[in-house]
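Just passing along the structure, written as structure tokens.
The values are calculated or read from the model by the stated rules, or taken from the named source; none is laboratory data. Computed from a prediction, not measured in an experiment: that's the story for all the values here. We place every Cβ from the backbone using ideal geometry, glycine too, and count neighbours over all the protein chains shown. Note: areas computed on protein heavy atoms with side chains; ligands, DNA, RNA excluded. Shrake-Rupley method; radii C 1.70, N 1.55, O 1.52, S 1.80 Å.
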Amino acid sequence: KNQVEQSPQSLIILEGKNCTLQCNYTVSPFSNLRWYKQDTGRGPVSLTIMTFSENTKSNGRYTATLDADTKQSSLHITASQLSDSASYICVVLNNNDMRFGAGTRLTVKP
Amino acid sequence: KAGVTQTPRYLIKTRGQQVTLSCSPISGHRSVSWYQQTPGQGLQFLFEYFSETQRNKGNFPGRFSGRQFSNSRSEMNVSTLELGDSALYLCASSVTGTSTDTQYFGPGTRLTVL
């Protein structure tokens, strides 16, 4: 079983709408959690990095939350744009080990 | 500042051959990490180099190896290629490679093994 589970697997929303992507993990001990955006055919781009003590972190229209007690994180996208269409990958670091989620494929339609 | 560059961008090889991929990190970055990405397995960590030393290693067979040069440029080598090695190989650089250090990814090298 993957130690980092992302949901939904894919999502289609209309431009201008908000959406929330989920990441549940069982990785322990926990060092930090990262969200990446990956456009098709390109390398991932870092959106946020959150340590154990951080509950929320924003990067423009992207806001990540972390509940270390329940081992859950979410990525909220506000006022979606067509350029938000991409895969969003959650990565959990355990000291020197990295565990990747399978990603959520987001499609924003006009 | 130039981003992370990877060469070549696309590569086609046959089973049994070997391949060398190159990664030039962002100037001033001393940590370089390599990842394999496939539709079935997603992103998987291969290894990380810092100051010419392999600091961390993922769970890949010994056919996968790498090195880092004094200018922080890194190469990854895969010997005795198998069909399952077909993947997008990504490299990422960061200043120190610590857990909270932002990584910057290159565009990747698409390797196809026939």
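As an exercise, find the ratio Rg/Rh for the stretch B:5-114 from alpha-carbon atoms, using the Kirkwood inverse-distance average for Rh.
Radius of gyration over Kirkwood radius for the stretch B:5-114 works out to 0.95.
Among B:66, B:97, B:40, which one shows the biggest mean-square fluctuation in a GNM of chain B, springs joining Cα atoms closer than 10 Å?
B:40
Please express the Cα-Cα pair-distance distribution P(r) of the protein assembly as shown as a list of whole percents, one per 5 Å bin, running from 0 to the bin with the greatest distance.
Pair shares across the bins are 1, 7, 15, 18, 19, 17, 12, 7, 3, 1, 0.
What average number of partner chain Cβ atoms lie no more than 10 Å from the Cβ of the residues making up A:35-47?
4
If pairing requires two Cys Cβ atoms under 4.7 Å apart, which cysteines of the protein assembly as shown are left without a partner?
Unpaired cysteines in the protein assembly as shown: A:19.
Provide a whole-number value for the mean count of partner chain Cβ atoms within 10 Å of the Cβ atoms in peptide B:87-100.
The shielding value for this peptide is 2.
Could I ask something else about it? Roughly what % antiparallel, to the nearest 5, for the DSSP beta bridges in the protein assembly as shown?
90
List the extent of the Cα atoms of chain A along each of their three principal axes, largest first, rounded to whole Å.
For chain A, the Cα spread along each principal axis is 42, 26, 21 Å.
What dipole magnitude, in Debye to the nearest 20, does the protein assembly as shown give about its Cα centre under +1 on Lys/Arg Cβ and -1 on Asp/Glu Cβ?
With only Lys, Arg, Asp and Glu charged at Cβ, the dipole is about 420 debye.
Another question, then. By a straight-distance test (C-alpha under 16 Å), which aspartates and glutamates pair with residue A:17 as possible cross-link partners, with residues fewer than eight away in the same chain excluded?
Qualifying aspartates and glutamates at Cα under 16 Å: A:84.
Where does each of B:76, A:98 land when they are ordered by accessible area, with a 1.4 Å probe and the largest first?
Per-residue accessible area, sorted high to low, gives A:98, B:76.
Now for a separate question. Mind ranking B:85-96, A:45-56 by how tightly packed they are, going by the mean number of other C-beta atoms within 10 angstrom, highest first?
The peptides rank, most packed first, as B:85-96, A:45-56.
So what is the relative contact order of chain A, in percent, for Cα pairs below 8 Å that sit 6 or more residues apart?
38
Which percentage, to the nearest 5, of the DSSP beta bridges contained in chain A is antiparallel?
Of the beta bridges lying entirely in chain A, close to 90 percent run antiparallel.
Using the Cα centre as the reference, give the magnitude of the dipole from point charges on the C-beta atoms of chain B (Lys, Arg: +1; Asp, Glu: -1; all else neutral), rounded to the nearest 20 debye.
It comes to approximately 160 debye.
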